Ligand code: HEM
């Protein structure tokens with residue numbers, strides 16, 4: 001009894017918050033609000049859907065075990081935090097599961113000097129290969145040709161496009177970092193892709209939350225949290241083999257890809273550039289760059305079959321501006337306002353990174369009238385912005401009109417932030433936009449999408465850091 005009273009008292013004293021701290025639902029001793037969140041629909045548990053923001057305001061707190069988090073809602077609050085006070089929120093929290101994997105290296109989960117140097121290097125290399133002299137545009141369009149051939153091989157019969165899309169989009173990152181692509185159906189590569197999906201799902205599960213809340217205990221216990229480590233280590237081993245091969249036939253005067261550039265950088269700069277950091281950076285580009293874009297395209301298929309009249313309008317615009325004899329290019333974008341608006345609306349509605357990635361405060365800040373202390377985990381709730389009824393005319397309906405003015409011209413919307421905002425804004429935003437535009441327009445130019453006879457599209461999702469559609473089959477008829 002004495003031990004129990006001691007533990008509860010210590011827990012109470014440790015977790016007392018000052019009156020100026022953001023409010024939140026009542027937290028239970030020891031576990032806090034850990035079990036009040038539905039980890040299959042975490043983003044919904046944390047949004048207005050469950051009335052938390054309605055009840056406690058746009059800045060509220062939750063206690064996940066021994067860790068407090070502050071959830072930020074709506075555009076003005078997110079802008080004030082991530083952009084206006086961006087310096088204070090540029091770091092990631094020290095979450096045990098993420099730290100065990102990244103060891104503070106790479107881009108996504110690093111901080112301070114490592115993050116600054118690695119992000120700058122990744123951005124400039126992406127710019128060089130993605131948009132500079134060695135543009136990725138032909139790579140994307142060539143990859144589309146392989147992808148279209150696979151789609152055509154199904155001859156209009158129902159099939160699940162998941163693996164082909166994953167392979168196609170990942171091949172673009174592969175060309176960038178490894179300098180080569182993988183054949184569709186390559187067993188080793190397919191295994192790598194399935195690891196990513198599984199790993200992300202486990203990262204968002206209750207097991208990951210328990211691990212982050214009670215790392216000392218969980219490290220000793222078996223369970224899916226151990227599988228996550230195993231999965232990510234296997235991905236890193238895959239990358240190590242590629243790095244080894246690159247070192248073997250590397251010519252510093254002809255850097256073919258990201259790995260070659262990084263090897264040159266290791267030679268030139270001592271600082272934070274070494275082989276272990278290279279492996280984690282490649283891991284990060286893969287993790288962030290393949291699942292995201294291919295998931296968005298899978299949602300695009302679903303929205304096009306759900307709204308055939310919108311699909312027909314997009315096709316008519318592409319037929320008129322691009323025609324059928326040449327491939328679409330980025331220069332066509334300005335002349336395809338309706339198609340552009342549809343792509344933006346697909347991104348808004350599919351909301352694939354609903355809670356962004358966590359940030360942490362590096363000093364005390366004032367937000368929404370509250371004081372948020374140093375080293376507090378911050379969750380920017382992108383869902384609350386992308387579906388805010390004050391920002392969008394019909395927030396819950398698929399409506400390309402959100403991005404069109406009355407004359408049918410494309411209009412930018414400030415609340416369109418699927419890539420987040422501020423210092424940690426998605427590093428691959430430009431590449432992702434280019435991939436989405438070229439793939440989507442090429443798909444619409446070549447195929448008409450429909451559901452198998454008698455089947456209705458299911459718009460439900462699976463949550464695992466990203467929101468992905470449930471497996472489905474679709475028919476692609478050549479136009
Ligand atoms: C970070 C969204 C594609 C690389 C992020 C973040 C979001 C996001 C919401 C978190 C930002 C924050 O912490 O505030 C998306 C979406 C994509 C996409 C919706 C596609 C539709 C890509 C691609 C790449 C990429 C293609 C790689 C080439 C990264 C990296 C980070 C990141 C490295 C971490 C940035 C940092 O911590 O400094 N992305 N992303 N993303 N993304 Fe993306």
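The values are calculated or read from the model by the stated rules, or taken from the named source; none is laboratory data. No experiment lies behind these values; they were computed from the predicted model shown. Note that each Cβ is placed from the backbone with ideal geometry, even for glycine, and that neighbours are counted across all protein chains shown.
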Checklist entry - Is one or more of the residues making up the stretch 278-286 outside any loop (DSSP other than H, G, I, E, B), away from the ligand (no atom under 16 Å from the Cβ), under 20 Å from residue 192 (Cβ atoms) and at pLDDT 90 or above? => result no
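For every residue, the table says whether it meets (1) surrounded by 14 or more Cβ atoms within 10 Å (Cβ to Cβ); (2) outside any loop (DSSP other than H, G, I, E, B).
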site	(1), (2)
151	yes, yes
154	yes, no
164	yes, yes
167	yes, yes
170	yes, yes
176	yes, yes
181	yes, no
185	no, no
190	yes, yes
Checklist outcome for this item: Of the conditions (1) assigned to a loop (DSSP other than H, G, I, E, B); (2) more than 20 Å from residue 424 (Cα to Cα); (3) touching a helix residue (DSSP H, G or I) at 6+ places or on another chain (Cβ under 6 Å), the single one that residue 272 does not satisfy is (2)
Next on the checklist: Which residue is nearest to the ligand (Cβ to nearest atom), if the candidates are limited to the stretch 81-95 and must be crowded, with 18+ Cβ neighbours inside 10 Å and assigned to a helix (DSSP H, G or I)?
Outcome noted: 82
Item to check | Unique match (being under 23 Å from residue 212 (Cα atoms) and touching a residue at least 12 places away in the same chain (Cβ under 8 Å)) among 361, 383 | outcome: 361
Checklist entry - Given 388, 396, 460, which one is away from the ligand (no atom under 16 Å from the Cβ), over 16 Å from the mean Cα position of the chain (by Cα) and closer than 26 Å to residue 317 by Cβ? => result 396
Item to check | Only one of 441, 466 that is buried (at least 17 other Cβ atoms within 10 Å of the Cβ), within 16 Å of the ligand (Cβ to nearest atom) and at pLDDT 95 or above | outcome: 441
Checklist outcome for this item: Within the stretch 414-431, the count of residues that are near the ligand (Cβ under 6 Å from one of its atoms), modelled with pLDDT under 95 and more than 15 Å from residue 118 (Cβ to Cβ) comes to 1
Checklist entry - Any residue in the stretch 239-251 that is modelled with pLDDT of 90 or more and either within 16 Å of the ligand (Cβ to nearest atom) or over 20 Å from residue 175 (Cα atoms) (or both)? => result yes
Checklist entry - If only one of 111, 171 is in contact with a strand residue (DSSP E or B) (Cβ under 6 Å, 6 or more places away or on another chain) and within 13 Å of the ligand (Cβ to nearest atom), which one is it? => result 111
Next on the checklist: What's the number of the only condition in (1) farther than 23 Å from residue 170 by Cβ; (2) in contact with a helix residue (DSSP H, G or I) (Cβ under 9 Å, 6 or more places away or on another chain); (3) surrounded by fewer than 20 Cβ atoms within 10 Å (Cβ to Cβ) that residue 308 fails to meet?
Outcome noted: (2)
Item to check | Condition met for residue 302 (touching a residue at least 40 places away in the same chain (Cβ under 8 Å), surrounded by 20 or more Cβ atoms within 10 Å (Cβ to Cβ) and either closer than 21 Å to residue 395 by Cα or away from the ligand (no atom under 16 Å from the Cβ) (or both)) | outcome: yes
Checklist outcome for this item: Given (1) touching a helix residue (DSSP H, G or I) at 6+ places or on another chain (Cβ under 7 Å); (2) away from the ligand (no atom under 15 Å from the Cβ); (3) closer than 22 Å to residue 121 by Cα; (4) assigned to a helix (DSSP H, G or I), residue 255 misses just (4)
Checklist entry - Out of the residues in the stretch 196-217 that are surrounded by fewer than 20 Cβ atoms within 10 Å (Cβ to Cβ) and free of Cβ contacts under 8 Å to residues at least 60 places away in the same chain, which is farthest from residue 283 (Cα to Cα)? => result 217
Next on the checklist: Could you tell me how many of the residues in the stretch 223-268 are surrounded by fewer than 12 Cβ atoms within 10 Å (Cβ to Cβ) and within 19 Å of residue 113 (Cβ to Cβ)?
Outcome noted: 1
